[in-house]
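What follows is one structure encoded as C-alpha cells, with my remarks underneath.
The values are calculated or read from the model by the stated rules, or taken from the named source; none is laboratory data. Small disclaimer: the values here were computed from a predicted structure and weren't measured. Because the Cβ atoms are built from the backbone with ideal geometry, glycine has one as well, and the counts that use them run over all protein chains shown. Ligands, DNA and RNA are stripped out before the accessible areas are found, and what is left, the full protein with its side chains, is counted by its heavy atoms. Shrake-Rupley method; radii C 1.70, N 1.55, O 1.52, S 1.80 Å.
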Amino acid sequence: MEQRHLGRTGLRVSRIGLGTLTWGHTEENDAAELLKVFWEAGGTLVDTADVYGDGEAEYLLGRLIERLVPRRDLIIATKAGSVPDPERRFDGSRGHLLAALDASLTRLNTDYVDLWQVHAFDPETPLEETLQALDIAVSSGRARYAGVSNFCGWQLAKAATWQLAPPGTRTRLASTQMEYSLLQRGVEREVLPAALDLGVGLLPSSPLGRGVLTGKYRHATPADSRGGSDQLAPFVAPYLDDTAGRIVDAVATAADGLAATPLQVALAWVRDRPGVTAPIVGARNAQQLTAALSVETLSLPDEICRALDDVSAPVHRYPDHDWSTL
C-alpha cells in the first residue's frame, strides 16, 4: 500500500487507515483477522480512542500487538478528551489528558503511541493548556506526534498557529481527524483550507458516509447493517434522505462504468482529495475490509471526479466565495 506523509511531518502512514470504533463489541478472533488482513496488505495506520468500547478497543489492540503483528510495523493513533459525563462531554485539561494517555499506554501494552490526538475541542479549558499536554506527551516520549479531532476551522487554525508561533519549542500539529465523504463535505468550508495552509494532514472518518455510499441501503435496509440496528440506526439515518440518494445513485453509475463497486469509487474519491492523508475505514469483518483495501489499485478518471464533485457539491456561498459575485 502506498505510504503518505502525515501533514508537514516526517511520519509516513498507509493511505488507508484501520478504524477500531466497534472493537469494544468485537470478538478477539475477528479483530485479529482484521488486523492481519490490514497488515498483510501493507496497512500501517491503526486508529483507536480511549472511549471506544470504554477502553476495550485499546485493550484488544494491545493484546494483538507483538503476538500477531510486530509493534514496529504499526502506526498506532489514539485519542483522549471525551468523557462519559452528561454535564461535560469533553475534558481538555492537562491533568485529564495526561492521565488518559498513561491509561491508554497501559491498555495498548506499549511505551508510546505514534499519534496522540485531542478528541474534541473543550471550550471550558484554555486552549494553551490543552496544547501543553501535547507538548509534554511528545517531549516525554509517550507520543511521537500529536494531532486534534473534531476541531472546527477557527479552532484548528488557532491551535496549529499557536504551536507554530515559537519555532522549536512546541509540537507541530500533524493531523486533524474529521468526518469527510461524498455525503459530508462540510470540512471543505474552513477546516480543509486551514489544514492545507498550515500543513496539517486530514484523516477522514466515516469516508463511506456511515456505510451508505456502499449502496447497501439503496432499496432497503439490511437487517444485519448498522442502519438495521436499534443502537446505530440514528447514526445512519441522516444520510438516507433524497439528497443522499441522488449522490449514491451517481456513485453507483460511476462504478458501473468503471467495472468497480460503489465502495471503491466513494473511497477512492475521498482518499485522493487535496489535503487528505488517509481515510479511516471501519469494517465488521475481513470480507468488508478486503473490499475496502482493494481500492489501492483504483484511481478515478478526472471526468468521474468532476461529475461526483458536481452532484455532491455543498452550498457554500458568502463568505467562502467571491462576495462581489453574490
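Being touching a Gly at 6+ places or on another chain (Cβ under 8 Å) and in contact (Cβ under 8 Å) with a residue 40 or more places away in the chain is the requirement here; does Gly53 meet it?
Details: touching a Gly at 6+ places or on another chain (Cβ under 8 Å): yes; in contact (Cβ under 8 Å) with a residue 40 or more places away in the chain: no.
Answer is no for this residue.
When residues of region 12-32 are filtered for being within 17 Å of Arg72 (Cβ to Cβ) and open to solvent by 20 Å² or more (accessible area, probe 1.4 Å), how many remain?
The first filter runs over region 12-32 and keeps only residues within 17 Å of Arg72 (Cβ to Cβ), leaving 12-14, 18.
Those still in the list that are open to solvent by 20 Å² or more (accessible area, probe 1.4 Å) too: 12.
Total satisfying the criteria: 1.
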With the structure loaded, tell me whether Ala49 is assigned to a helix (DSSP H, G or I) and under 16 Å from the mean Cα position of the chain (by Cα) or whether it fails that test.
no
Mind checking which pairs have a first residue in region 282-309 that is farther than 19 Å from Val46 by Cβ and among the small types (Gly, Ala, Ser) and a second that is outside any helix (DSSP H, G or I) and at pLDDT 95 or above, Cβ under 8 Å, 6 or more apart or different chains?
Ser299/Asp272
Restricting to region 18-46, name every residue that is within 20 Å of the chain's Cα centre (by Cα), outside any helix (DSSP H, G or I) and not small (Gly, Ala, Ser).
Leu18, Thr20, Leu21, Thr22, Thr26, Thr44, Leu45, Val46
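Quick grid of which residues meet (1) open to solvent by 40 Å² or more (accessible area, probe 1.4 Å); (2) of a type outside the set (Val, Ile, Thr); (3) outside any helix (DSSP H, G or I); (4) modelled with pLDDT of 95 or more:
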site: Gln132; (1), (2), (3), (4): yes, yes, no, yes
site: Gly141; (1), (2), (3), (4): no, yes, yes, yes
site: Thr161; (1), (2), (3), (4): yes, no, no, yes
site: Leu192; (1), (2), (3), (4): no, yes, no, yes
Over region 264-294, the set of residues within 24 Å of Ala174 (Cα to Cα), charged (D, E, K, R) and surrounded by fewer than 23 Cβ atoms within 10 Å (Cβ to Cβ) is Asp272, Arg273
Keeping to region 71-118, report how many residues are touching a Phe, Trp or Tyr at 6+ places or on another chain (Cβ under 9 Å), open to solvent by 20 Å² or more (accessible area, probe 1.4 Å) and part of a loop (DSSP other than H, G, I, E, B).
2
Do you know which of the residues in region 163-190 that are among the polar types (S, T, N, Q) and in a loop (DSSP other than H, G, I, E, B) is nearest to Ala120 (Cα to Cα)?
Thr171
Going by the conditions given, is Arg246 more than 24 Å from Gly153 (Cα to Cα), open to solvent by 80 Å² or more (accessible area, probe 1.4 Å), in contact (Cβ under 8 Å) with a residue 24 or more places away in the chain and part of a helix (DSSP H, G or I)?
yes
